[in-house]
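The values are calculated or read from the model by the stated rules, or taken from the named source; none is laboratory data. None of the values given here were measured: they were computed from a predicted structure. FYI the Cβ positions are ideal-geometry reconstructions off the backbone, even for glycines, and counts take in every protein chain you see. Please note that ligands, DNA and RNA were not included when accessible areas were found on the heavy atoms of the full protein model with its side chains. Shrake-Rupley method; radii C 1.70, N 1.55, O 1.52, S 1.80 Å.
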Amino acid sequence: MDKNQMLGRKKKLPIGVDNFEKIRTDGFYYVDKTGLIRDLLNNWGEVNLFTRPRRFGKSLNFSMLKAFFEPGCRKELFAGLAIEQEKTLCEEYMGKIPVIAVSLKDVDGNNFSAAREMLYAAVRSEALRFPFLEESSRLSPAQKALYSRLTGPAEASAAGDALLMESLKILSSLLGTHYGQKVLILIDEYDVPLARASEKGYYDLMVSLIRNLFSAALKSNENLYFAVLTGCLRVAKESIFTGMNNLKVLSVQDVRFDEYYGFTDEEVRMLLEYYGLLEHNETIRDWYDGYQFGSLKVYCPWDVLSYCDELRADPEAEPKDYWSNTSSNDVVRHLIQCAENVTVRREIERLVAGETVWKEIHPELTYKELYSSIENIWSVLFTTGYLTQRGKAEEDRYCLAIPNMEIRRIFTRQIMAWFQENVSRDGEMLAGFCGALQNGDAGGVERYLSAYLRKTVSIRDTFAGKSAKENFYHGMILGLLRFKDSWGILSNREAGEGYADIQVEIDEAELGIVIEVKYAHDGDLDAGCRRGLDQIVRKHYGDGLYENGMKRVLMYGICFYRNKCRVMVLEEKMTEDHDNAAQGGDR
């Protein structure tokens, strides 16, 4: 029994904690993934590459493997976990295999020289974990000298490059000699240096360095027992894993190991029950479930833990898109930018509506190729978790869908950003829209909005709720209104007896505008407009505009249905009652 249980406290949620030993010793909740150890040993692969989207537990499993195999293993860390039941495997392997564990997630230099230094620092940091090698009676003076070079400053020379490329092989040789046992090599986030190099223009140099490093350590290394690598993408063999016939790739398509990255439905239910949050199960499923790895549906652990942490502090907390805060979402932006193509635009609309598209997936790409074609973008969206498969693939063709509400929100935000970027380029059209709005020209406003809708991705009605669609079109109108710097624009501000969607003040014309946005699920656009106008009048949304000095108010009911819209307008002029209210009482 741990300290928390003795004191009757709940375990802490491991938000951002990916160190297995810390989780197990400092009172954090742990979802047991130690079955991965058993399956790795029983389904042998000399070099195993796990590719999964970010925030699905790759680094924590990396840390767990290191803690289990390396000499000095604290057996109590695994007490009560699944691997403890595997008595024979534990006796044979626990604490018996020297481990080299290198994470490349921080190798993200702005130029090759900086990245090379970071890579060397990562290797040197790992080498420094073994200071006993300097005194080992089993190592020759020459071997000890090699160790001193590995732990010393980076050598900026051809000899230094050669040392770095051979570094993991050298370290495995030193450890193998000291222990009389072949080593396990763990490499976490192997593709981060490649991604950064591709962004910053030194990709070919980094590919050469990583290829030589991996080839020496993983292909022709007599001291290698086995290796595990993790990353987001499977980079083409001809780029990194040249001639490596011992590589076993375990991607999101594989049924093997499918339960060890991400939370299963049962694991989420157990977590929610432990913290007394079971009532939120359906919301968490809608927002964070839906990924299919192999044949299993899984949740994103980062999201589940983050939302549970907020719910413990505030039971009324709304779900958020925690995942988007950990990435730039560039791949979604690249897809949306292809929406000028009508076919792509319709496919995006189907996905956002909760439907599916069939696409050929190319799992092996170089970073140079990621955005070179729309076909490759579909593959990147799939492998990085923005899209997931539904059912079984047909050869290389996959039925793709947006996994959940969180990722759908990322798509809609990128759609809105793309829309605003596009409309800002057409000043003449924007001026026409704003002029029609100011002049009370409902027909003109409708024509301009319809033209914009034909050019953008529409939000259809099979996936999102009514409020979500209204919010999208609300945001679209706000984006158009930003063209007028001199107009005062308020959104969702208190007005009259409620909150008006959009209020506009045009001081020089002493004109106020109130806009109420509706979405017609039944396609009755006229009825939607009338509901909007009735709401404006009934709740006196224009009263505050009179108080701010406006002499007349235009009230717009604007209703949308997919890529169609209708606009109706009413005009109201200041009355004596309005004037009295504006002055604070009767005259």
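Odds and ends about this structure:
- Summarised as an ellipsoid, the range 98-222 has semi-axes of 26, 15, 12 Å, derived from the eigenvalues of the Cα gyration tensor scaled by 5 and square-rooted, with the largest first.
- Annotation: amide H of Lys248 within the under-5 Å range of Val47, Asn48, Leu49, sequence separation 5 or more or interchain, hydrogens built in the peptide plane.
- Contour excess over end-to-end distance, with Cα ends at Asn439 and Asn42 and 0.36 nm allotted per residue: 135.4 nm
- Sequence of Tyr452, Tyr371 when ordered by accessible area, the most exposed leading, probe 1.4 angstrom: Tyr371, Tyr452
- With the helix formula -39500 (n - 2.57) applied to DSSP H stretches of n ≥ 4, the chain reaches a computed 222 nm mean residue ellipticity of -13000 deg cm²/dmol.
- A simple rule links phi to the HN-Hα coupling: the Karplus curve 6.51 cos²θ - 1.76 cosθ + 1.60 with θ = phi - 60°, which for the range 256-267 gives 5, 6, 5, 8, 9, 10, x, 9, 7, 4, 5, 5 Hz, with x for Gly and Pro.
- Projected label distance in nm at Asp534 and Glu155, using a 7 Å step from Cα toward the beta-carbon: 8.3 nm
- Listed by chain and number, the lysines whose C-alpha is less than 25 Å from the C-alpha of Lys200, apart from same-chain residues fewer than 8 away, are Lys105, Lys237, Lys368.
- Taking Cα centre as origin and charging only the Cβ of basic (Lys, Arg, +1) and acidic (Asp, Glu, -1) residues, the dipole magnitude of the chain rounds to 1640 debye.
- For Lys469, the lysines whose Cα falls under 30 Å of its own Cα, not counting residues fewer than eight places away in the same chain, are Lys297, Lys320, Lys359, Lys455, Lys484, Lys518, Lys539, Lys564.
- Potential lengthening of the chain between Phe483 and Asp396 amounts to 26.7 nm, from the contour at 0.36 nm per residue minus the alpha-carbon distance.
- Here the Karplus relation 6.51 cos²θ - 1.76 cosθ + 1.60, evaluated at θ = phi - 60°, turns the backbone of the range 375-384 into coupling constants of 4, 5, 4, 4, 5, 5, 4, 5, 6, 9 Hz, with x for every Gly and Pro.
- Once the Cβ-Cβ distance of Asp108 and Asp526 is raised to the sixth power relative to R0 = 35 Å, the FRET efficiency obtained is 0.05.
- Computed 3J(HN,Hα) for the range 401-412, one whole-Hz value per residue from the Karplus formula 6.51 cos²θ - 1.76 cosθ + 1.60 where θ = phi - 60°, is 8, 6, x, 6, 5, 4, 5, 4, 5, 4, 4, 5, glycine and proline marked x.
- Surface composition of the chain: carbon and sulfur atoms hold 45% of the protein heavy-atom accessible area at a 1.4 Å probe.
- Accessible surface computed residue by residue for the range 136-188, with neighbouring protein chains in place and a 1.4 Å probe, gives 41 Å² per residue.
- Residues with amide H under 5 Å from that of Arg493, placed H, sequence gap 5 or more: Ala500
- Most positive-pole-ward Cα, Leu335, His521, Ala197, against dipole of the chain from beta carbon charges: Ala197
- Here the range 19-170 is treated as a Stokes sphere of Kirkwood radius computed over C-alpha pairs; at 4 °C and 1.567 mPa s its diffusion coefficient rounds to 73 µm²/s.
- The amide H of Ser103, built 1.01 Å from its N in the peptide plane, has Asp188 as neighbours under 5 Å, considering only residues 5 or more places off or on other chains.
- Loop-resident GluC sites (Glu not before Pro) (DSSP state other than H, G, I, E or B) in the range 152-199 with no more than 14 further Cβ atoms inside 10 Å of their Cβ: Glu155.
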